[in-house]
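The values are calculated or read from the model by the stated rules, or taken from the named source; none is laboratory data. This one's a predicted model, so the numbers in the text were calculated from it and none came from an experiment. Using ideal geometry, Cβ is built from the backbone for each residue, glycine included, and neighbour counts are taken over all protein chains shown. Calculation scope for accessible area: heavy atoms of the full protein, side chains included, ligands and nucleic acids excluded. Shrake-Rupley method; radii C 1.70, N 1.55, O 1.52, S 1.80 Å.
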Amino acid sequence: MHHFFVSSENIDETAGLAVIDDSVDYNHAVNVLRLKAGEQILISDSDGCDYLCAVRQAAPDKRLELDIIEKAGENHELPARVILFQCVPKSDKMELIIQKAVELGVTDIVPVFSKYCVVKLDDKKAESRIKRWQAISESAAKQSKRSVIPKIHKPVDFKQAAEMCEQCDVRIIPYEAEDGLTGICEAIVNFLPGRSIGVIVGPEGGFAPMEVTMAKRHAIVPVSLGKRILRAETAAIAILSLIMIRLEIAAGIDLSTEE
Ligand code: SAM
């Protein structure tokens, strides 16, 4: 079933009406998919609610009007805000990280240019890269039946990332030179519903020691992900998987399947 995302303002439950008025989505629905009156589609609003809808009509002012058939009860979002501050790795690894992070429930991705990042983007390149990354986020959100599309933020430097991460309730930096599992064990206890969780993952070259010192100054806790050195993309997937499962269990979502 085709899946579109709209702002909550585009939903009028009383009138039983939903509207697609984003020009790209409108064009895709009307001119590419050629959706017909009565055809059913899934709509997610920006509050994380899903609605089963049927096409009513393509109104003249480029608004596709939809009848709300039913509000889907189940929300496909994690019960916490999860922000990945990803130091930009080489080539298309960032695209893989974005796709997997979206499947694993992240709400925001902030690209970071840290000291050992090899990739350098000028403003023009950064703009087109963000557009591409946002499209990957949207496609992964649709595939994984997310109720919201995670936002890809403008790139920041490490200091800005640390300042942003400091605003989160739980703040960790998986650090390849960190010893022992105390940090990660303590962090896991705090991956709780209703919290915001910020994670800074390094690039292929890892973190400069002064970056880890800066992170600590912003109350961001270095944690080990075990004895092996993981690739940047593996580390992002590993820590986000840990957060996701912990949150799902803490929210009491029954992950066991009764035989
Ligand atoms: N250049 C570093 C080295 O050789 O030691 C490796 C960096 S690793 C490829 C990229 C990022 O993944 C790290 O900066 C860190 O954020 C994360 N990472 C990889 N392995 C980790 C581990 N065992 N514990 C914590 N973080 C890890």
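Taking all protein chains as present, what is the carbon and sulfur share of the accessible area of the chain, in % to the nearest whole number, probe 1.4 Å? Walk me through the intermediate numbers first.
Details: 6910 of 13220 Å².
C and S atoms contribute 52 percent here.
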Query - Computed label-point distance, nm, for sites residue 139 and residue 186 using a 7 Å Cα→Cβ extension - result: 4.2 nm
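Could you please report the charge total around residue 159, scoring K, R as +1 and D, E as -1 over all other residues with beta-carbon less than 12 angstrom from its beta-carbon? Mind showing how you got there, number by number?
Details: positive: 115, 217; negative: 157, 163, 166, 211.
Once positives and negatives cancel, what remains is -2.
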Report task. Starting from the Cα of residue 13, step 7 Å along the direction of its Cβ; do the same at residue 54; then give the gap between the two resulting points in nm. Result -> 2.1 nm
**Report entry** Mean residue ellipticity (222 nm) of the chain, computed from DSSP H runs ≥ 4 via -39,500 (n - 2.57), nearest 500
**Finding:** -10000 deg cm²/dmol
Query raised in the report: Under the Karplus relation 6.51 cos²θ - 1.76 cosθ + 1.60, θ = phi - 60°, what is the ordered set of whole-Hz ³J(HN,Hα) values for region 96-102, x standing for Gly and Pro?
Result: 5, 4, 4, 4, 6, 5, 5
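Summing +1 for each Lys or Arg and -1 for each Asp or Glu, what net charge is found among the other residues whose Cβ lies under 11 Å from the Cβ of residue 16? The partial results should precede the final answer.
On the way: positive: 56, 71; negative: 12, 13, 65, 67, 70.
Overall, the nearby charge balance is -3.
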**Report entry** Whole-Hz couplings from phi, Karplus 6.51/-1.76/1.60, listed for region 33-40; x for Gly and Pro
**Finding:** 7, 6, 4, 9, 3, x, 5, 8
Query raised in the report: Taking the Cβ of residue 54 as the center, what net charge do the other residues with Cβ under 12 Å away carry, scoring Lys and Arg +1 and Asp and Glu -1?
Result: -2
**Report entry** Accessible area in square angstrom per residue, the chain, 1.4 angstrom probe
**Finding:** 51 Å²
Query raised in the report: Using unit Cβ charges (K, R positive; D, E negative) and no other charged atoms, how large, in debye to the nearest 20, is the dipole of the chain about its Cα centre?
Result: 1140 debye
Report summary line: Sequence order, region 55-72: Karplus ³J(HN,Hα) from phi using 6.51 cos²θ - 1.76 cosθ + 1.60, θ = phi - 60°, Hz rounded, Gly and Pro as x, gives 4, 9, 6, 8, 6, x, 8, 6, 10, 9, 8, 10, 7, 7, 7, 7, 8, 6
**Report entry** Rounded Å value of the spacing that divides the Cα centres of region 53-130 and region 21-36
**Finding:** 20 Å
**Report entry** Dimensions (Å) - the chain, Cα atoms, principal axes, largest first
**Finding:** 60, 50, 32
Report task. Using 0.36 nm per residue of separation minus the Cα-Cα distance, give me the extension gain between residue 224 and residue 132 in nm, one decimal. Result -> 30.0 nm
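My understanding is that a pair violates if its Cα-Cα distance is over 26 Å; which of 120/145; 115/154; 120/227; 142/227 do that in this structure? Show your work: numbers first, answer last.
Numbers: 120/145 33 Å; 115/154 17 Å; 120/227 30 Å; 142/227 35 Å.
Beyond 26 Å between Cα atoms: 120/145; 120/227; 142/227.
So, with +1 on the Cβ of K and R and -1 on the Cβ of D and E, and no other charges, what is the size of the charge dipole of region 24-163 about its Cα centre, to the nearest 20 debye?
Working: 23 positive and 21 negative charges, 139 e Å.
The dipole magnitude comes to about 660 debye.
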